[in-house]
Amino acid sequence: MGNCSSSSGFFSLPKRGSKLLKLNNGMVSVDDEGGTHEGIKTIPVQRACEFTTNSVLCVCIVTWNMNSKMSAEDVAKLVSSDRKFDLLVVGLQEAPKPDVSRVLQEALAGTHVLLGQKSMQSLRMLLFGSRSSEKYIREMKVDKHAVGGCGGIIGRKKGAVAMYINFSGIRMVFVSCHLAAHEHKVEKRNAEFQHISQSLFARYGAPTPYAQSADITVWLGDLNYRLQGISSTPARKMIEENRQSLRGRDQLLQEAEKGQVFSGYCEGTLSFKPTYKYDVGGSVYDTSYKVRVPSWTDRILFKVGQSSGLDAVLSSYESLDCVRSSDHKPVKAHLCLKVRSDGDAD
């Protein structure tokens with residue numbers, strides 16, 4: 001978890017359209033998106049939120065591919081006893097039939113309640129909030145969009161489930177997705193991202209794509225981008241010896257740099273080990289005959305909307321090595337949002 005205290009009260013956004021400043025030291029804001037792609041901005045993790053408790057909305061975000069296996073103990077590990085967040089978003093891929101929602105609600109009992117959820121076959125997303133948070137919800141919409149998988153008849157259905165929430169004047173979109181597998185399917189993953197982006201919430205008749213109207217958009221899930229041009233043995237060696245160089249082979253960062261996906265999104269540094277593929281029951285990479293190349297398939301990215309009036313601080317970005325019932329490790333992020341006051345505008 002991050003080190004932010006849960007805010008006791010919430011707030012409204014200032015007048016939209018105010019000019020924001022580009023800031024360093026881990027704080028993210030937007031002044032002009034322009035017409036050129038920006039790639040994915042890698043930002044440092046701040047171990048403590050710099051904002052005062054009365055001006056912060058703290059959101060904890062978790063993504064996990066469960067590999068169709070249910071472990072109530074591991075599900076409970078997705079949340080800790082130190083629950084210093086206002087909202088919790090949990091995105092699951094290859095979720096099993098047993099009710100994961102019930103296990104999470106039991107784990108969070110006493111501090112947080114279920115505010116909303118959306119599912120599409122094995123894709124699920126759940127939104128929890130502090131016990132007093134329901135009164136701050138001004139609007140909530142959910143949607144889903146399937147891609148590939150022959151409609152789910154052959155193989156697991158890929159695609160995304162999404163949630164839009166106006167929480168005390170802050171318009172947030174969360175997209176939990178599962179994109180095409182295999183190293184060579186890069187272009188397919190790119191196309192799926194674009195298709196999902198343009199399709200979600202279209203049935204509500206919005207005049208612009210959903211992400212353009214949100215103050216902050218968060219994508220989480222098994223994006224399935226792999227390491228490019230490296231075999232398993234040298235990759236595993238580099239994980240232990242020179243992880244920073246290995247990030248240069250990450251397909252997601254490469255494609256974003258080309259302007260194909262996630263232009264202008266932010267992500268924390270990939271300081272944790274690649275989250276796939278592990279032998280189930282431990283923390284050893286794949287020992288099957290396939291000896292798959294480890295990859296950062298599981299990611300959390302966010303984008304602050306143009307003229308949103310928000311600053312954002314990433315106070316944690318990590319994988320949970322203690323969870324061992326799947327061949328994926330969960331990834332968790334803690335994002336702190338601040339409403340920029342009029343005095344902070346340029």
query: Which of (1) surrounded by fewer than 15 Cβ atoms within 10 Å (Cβ to Cβ); (2) outside any helix (DSSP H, G or I) does Glu187 not meet, given it meets every other one?
result: (2)
field: Meets criteria (open to solvent by less than 60 Å² (accessible area, probe 1.4 Å) and free of Cβ contacts under 8 Å to residues at least 12 places away in the same chain) for Gly248
entry: yes
query: Does Gln228 qualify as being open to solvent by 60 Å² or more (accessible area, probe 1.4 Å), at pLDDT 95 or above, more than 30 Å from Ser307 (Cβ to Cβ) and within 25 Å of the chain's Cα centre (by Cα)?
result: yes
- prompt: Given the residues Cys60, Cys49, which is the only one that is in contact (Cβ under 8 Å) with a residue 40 or more places away in the chain and open to solvent by less than 10 Å² (accessible area, probe 1.4 Å)?
  reply: Cys60
- prompt: Of the residues that sit in the stretch 121-161 and are outside any strand (DSSP E or B) and of a type in the set (Val, Ile, Thr), which one is modelled with the lowest pLDDT?
  reply: Ile153
Among (1) in a loop (DSSP other than H, G, I, E, B); (2) touching a Lys or Arg at 6+ places or on another chain (Cβ under 8 Å) - the single one Val291 does not satisfy: (2)
- line: Ser307 fails exactly one of (1) in contact with a helix residue (DSSP H, G or I) (Cβ under 8 Å, 6 or more places away or on another chain); (2) open to solvent by 10 Å² or more (accessible area, probe 1.4 Å); (3) in a loop (DSSP other than H, G, I, E, B); (4) more than 26 Å from Ser232 (Cβ to Cβ), namely (1)
statement: All-but-one check, Pro234 against (1) open to solvent by 60 Å² or more (accessible area, probe 1.4 Å); (2) more than 18 Å from Thr217 (Cβ to Cβ); (3) not hydroxyl-bearing (Ser, Thr, Tyr), failing number (1)
message: Of the conditions (1) touching a Lys or Arg at 6+ places or on another chain (Cβ under 9 Å); (2) part of a loop (DSSP other than H, G, I, E, B), Phe85 satisfies every one except a single condition; which number is it?
response: (1)
Selection status of Val284, in contact with a Phe, Trp or Tyr (Cβ under 7 Å, 6 or more places away or on another chain) and loosely packed, with under 15 Cβ neighbours inside 10 Å: yes
query: Which of the residues belonging to the stretch 221-264 are in a helix (DSSP H, G or I) and within 30 Å of Ile196 (Cα to Cα)?
result: Leu246, Arg247, Gly248, Arg249, Gln251, Leu252, Leu253, Gln254, Glu255, Ala256, Glu257
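A quick yes/no check of all residues on (1) surrounded by 13 or more Cβ atoms within 10 Å (Cβ to Cβ); (2) within 20 Å of Glu318 (Cα to Cα):
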residue	(1), (2)
Ile216	yes, no
Gln244	no, yes
Leu253	yes, yes
Pro274	yes, yes
Lys290	no, no
statement: Those residues of the stretch 164-195 that are among the aromatic types (Phe, Trp, Tyr) and farther than 19 Å from Val142 by Cβ come to a total of 1
query: List the pairs whose first member sits in the stretch 178-193 and is more than 11 Å from Leu252 (Cα to Cα), whose second member is of a type in the set (D, E, K, R) and surrounded by fewer than 20 Cβ atoms within 10 Å (Cβ to Cβ), and whose Cβ atoms are under 6 Å apart, counting only residues at least 6 apart or on separate chains?
result: Ala180/Lys188
Of the criteria (1) under 20 Å from the mean Cα position of the chain (by Cα); (2) over 17 Å from Gly229 (Cα atoms); (3) buried (at least 23 other Cβ atoms within 10 Å of the Cβ); (4) not acidic (Asp, Glu), which one Thr297 fails: (2)
- prompt: Given the conditions (1) at pLDDT below 90; (2) surrounded by fewer than 18 Cβ atoms within 10 Å (Cβ to Cβ), which single one is not true for His195?
  reply: (1)
message: So, in the stretch 159-179, exactly how many residues are closer than 24 Å to Pro294 by Cβ and surrounded by fewer than 19 Cβ atoms within 10 Å (Cβ to Cβ)?
response: 0
- prompt: Can you find a residue in the stretch 59-80 that is closer than 20 Å to His334 by Cα, in a loop (DSSP other than H, G, I, E, B) and modelled with pLDDT under 95?
  reply: yes
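The values are calculated or read from the model by the stated rules, or taken from the named source; none is laboratory data. Bear in mind the structure is a predicted one, so any value in this text is a computation, not a measurement. Cβ coordinates were reconstructed from backbone atoms using ideal geometry, including for glycine residues, and neighbour counts include every protein chain displayed. When the accessible area is computed, the model is the full protein with side chains, heavy atoms only, and any ligands, DNA or RNA have been set aside. Shrake-Rupley method; radii C 1.70, N 1.55, O 1.52, S 1.80 Å.
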